[in-house]
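Okay, structure first, notes after.
Just so it is clear, none of the values below were taken in a lab; they were calculated from the coordinates. Only a predicted model underlies this, so the values are computations on that prediction, with no experimental measurement involved. Quick reminder, even Gly has a Cβ in these numbers, built from the backbone with ideal geometry, and neighbours come from all protein chains shown.
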Amino acid sequence: MTTLETLLLRLETGPWDVLYRALIGFGTIAAFARFRSESWSEWSLLVWLLCVLAALRVGAAVARKVLPFSESAQRTWAERRGLTKRYDSYQWQKLRGFGIGLALYMVAVKQFTRPQAVIAAACLVFGVIASLRWSHLRRNVA
């Protein structure tokens, strides 16, 4: 396995997974604020976030198909995708990092709109609940 593959695989383990997702969450509101049209509702942030999440998923799938990753790295990612398909909490726990980033952005710019706060809080609450659930399940899965 190459150094890049090892780094990419480690990004999906704590605490790096939460950190990089928090950075993406932070950037999500920053990009939304930058590109938002006057005609968009503040609740359009939810659609924006869903598009970011979809782009991450599609981008990862395309990268796995196009780039020459080793069989070992591909196998590890396949195992993780299998966990995602079998256990909702494995996938939903990722919201915790996004919620942290969303909340940090609001604190950094000192701007708290209701939609931003609700979306960040929902990501945090569901992410933490899923993390706790996954922590419990992981003992039985591994």
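Against the numbered list (1) more than 16 Å from A22 (Cα to Cα); (2) exposed (fewer than 13 other Cβ atoms within 10 Å of the Cβ); (3) of a type outside the set (S, T, Y), R64 comes up short only at (2). Got at least one residue in segment 54-75 being in contact (Cβ under 8 Å) with a residue 60 or more places away in the chain and assigned to a helix (DSSP H, G or I)? Yes, that holds for at least one residue. Considering segment 67-78, and only residues there that are of a type in the set (S, T, N, Q) and more than 21 Å from the chain's Cα centre (by Cα), the residue that is surrounded by the most Cβ atoms within 10 Å (Cβ to Cβ) turns out to be S72.
The C-beta contact set for segment 95-114 (first residue under 17 Å from V18 (Cβ atoms), second residue surrounded by fewer than 21 Cβ atoms within 10 Å (Cβ to Cβ) and among the charged types (D, E, K, R), distance under 8 angstrom, 6+ apart or interchain) comprises G97/D17. Counting the residues of segment 99-134 that are assigned to a helix (DSSP H, G or I) and either among the small types (G, A, S) or closer than 19 Å to W40 by Cβ (or both) gives 20. Please enumerate the residues belonging to segment 11-52 that are free of Cβ contacts under 8 Å to residues at least 24 places away in the same chain and under 14 Å from the mean Cα position of the chain (by Cα). Listed by number, the residues that qualify are L11, T13, G14, P15, W16, W48, L50, C51.
Within the set R138, R81, R96, the sole residue that is part of a helix (DSSP H, G or I) and buried (at least 17 other Cβ atoms within 10 Å of the Cβ) turns out to be R96.
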